[in-house]
Amino acid sequence: MIDHATVFLSLKPEELKILRAVENGMKTHEWVAVEDMASYTGLSEKEIEYRLRNLTGLDLLERFTGHYVGYQLKYNGYDILAISAFVRRDTINSLGSLIGVGKESVIIGAMSPGGRPLAIKFHREGRTAFKQVKRKREHLVDLHNTNWLYASSLAAKHEFEVLKKLYPAVSVPEPFDQNRHAIVMSVAEGHDLSRAKVEDAEWYLDRIVEQLELAYRNGYVHGDFSEYNVMVSETGVTIIDWPQAVAAGTKIGDELLARDVHNIFTYFARKYRIRRDEIEMVKKIKDSA
Ligand SMILES: Nc1ncnc2c1ncn2[C@@H]1O[C@H](COP(=O)(O)OP(=O)(O)OP(=O)(O)O)[C@@H](O)[C@H]1O
Ligand SMILES: [Mg+2]
């Protein structure tokens with residue numbers, strides 16, 4: 001992976017312009033030609049050719065040679081455009097180190113101008129995730145030029161909206177900003193539940209179930225819940241990773257709630273020998289709403 005801070009700081013304004021031109025060109029073309037970048041940026045083709053060598057060298061763009069030469073953004077390039085937007089809007093003023101890598105995301109530390117530590121989550125939707133998004137959002141089928149750029153930005157938008165609805169009633173990271181495929185949020189305290197060995201497991205399980213219930217009452221089922229999406233600290237729990245959330249009280253919501261409860265109960269049964277009744281818990285959560 002690239003060092004986002006170093007790469008971002010090394011870029012010239014013209015290079016950011018070219019990245020934006022490629023992003024724009026990808027709305028209509030799979031591979032964007034240099035002449036399209038020239039008309040979008042107002043830069044000469046000669047200058048663009050020269051800067052493109054740097055941008056591909058930095059792993060921000062991919063070059064394709066076929067019946068014509070074209071360029072595509074890579075995820076790294078898309079990350080840089082989102083970072084640039086967050087800096088321009090004063091959401092962040094510096095980048096930190098890598099916080100986590102998920103199956104479908106990269107999380108990097110950052111700092112607000114006021115000195116508050118933040119986490120930026122860059123969504124990286126794979127093809128399967130895109131199919132799920134597509135299934136959930138029927139209108140996508142009508143768009144002929146759907147691609148990973150669009151799929152990952154939809155996931156980020158959805159996660160950001162869910163966090164805004166849940167925070168602060170539910171213990172989730174505080175959402176600050178969203179751009180393209182990225183969201184800026186507070187850093188959750190503590191450690192991943194999956195890698196921790198907690199002293200008072202009964203107490204933590206109570207706190208987790210409490211948050212699932214609060215989320216339900218505030219309109220959402222997590223939908224991808226497991227020990228991997230819980231952070232634990234001495235004072236409590238934070239539930240992360242919400243892009244798959246669905247509305248509570250729907251058929252799919254009820255199915256996913258049962259699965260969410262099953263996943264976490266199975267984990268506590270296996271690791272801590274705690275047995276609880278899943279069906280009863282699902283009923284209790286639904287009745288609380
Ligand atoms: N706000 C945050 N504060 C601190 N750490 C975080 C935060 N968000 C994510 N992380 C860390 O990054 C990891 C991956 O984040 P997240 O679960 O949101 O991504 P994902 O790609 O959807 O993960 P998964 O592999 O579960 O699909 C988390 O397990 C956690 O360790
Ligand atoms: Mg996760």
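What follows is calculated from the coordinates using simple rules that are stated; it is not laboratory data. Just so it is clear, the model here is predicted, and its values are computed rather than measured. We place every Cβ from the backbone using ideal geometry, glycine too, and count neighbours over all the protein chains shown.
Show me the trypsin sites (Lys or Arg not before Pro) within region 232-289 that DSSP assigns to loop and that have at most 10 other Cβ atoms within 10 Å of their Cβ.
ARG273, ARG275
Over the chain, calculate the relative contact order: mean separation of alpha carbon pairs under 8 Å at least 6 apart, over the residue count, as a percent. Mind dumping the intermediate values first?
Details: 449 pairs, mean separation 32.7, N = 289.
Value for the chain: 11 percent.
Projecting the Cα atoms of ALA196, LEU257, PRO13 onto the charge dipole of the chain (Cβ charges, centred on the Cα centre) puts LEU257 farthest toward the positive pole. Do the alpha carbons of any pairs in LYS157/LYS251; LYS157/LYS271; LYS27/LYS164; LYS17/LYS157; LYS74/LYS197; LYS164/LYS251 sit beyond 30 Å of each other, and which pairs? Beyond 30 Å: LYS157/LYS271; LYS74/LYS197. Taking Cα atoms only, the orientation of helix 75-88 departs from the longest principal axis of the chain by about 90 degrees.
Mind listing which trypsin sites (Lys or Arg not before Pro) in region 192-236 are in a DSSP loop and have 10 or fewer other Cβ atoms within 10 Å? Mind dumping the intermediate values first?
Values: sites: ARG195, LYS197, ARG207, ARG217; in loops: LYS197.
Hits after loop and neighbour filter: LYS197.
Ordering PHE225, PHE64 from the fewest to the most neighbouring beta carbons within 10 Å gives PHE64, PHE225. Put simply, the C-alpha atoms of the chain give a gyration tensor, and the ellipsoid matching it has half-axes of 40, 21, 15 Å, longest first.
Find the percent of Cα-Cα distances in region 191-288 that exceed 15 Å, and round it to a whole number.
Details: 2693 of 4753 pairs.
Summing the P(r) of region 191-288 above 15 Å gives 57 percent of all pairs.
Here the chain is treated with +1 on each Lys and Arg Cβ and -1 on each Asp and Glu Cβ, and its dipole about the Cα centre works out to around 340 debye.
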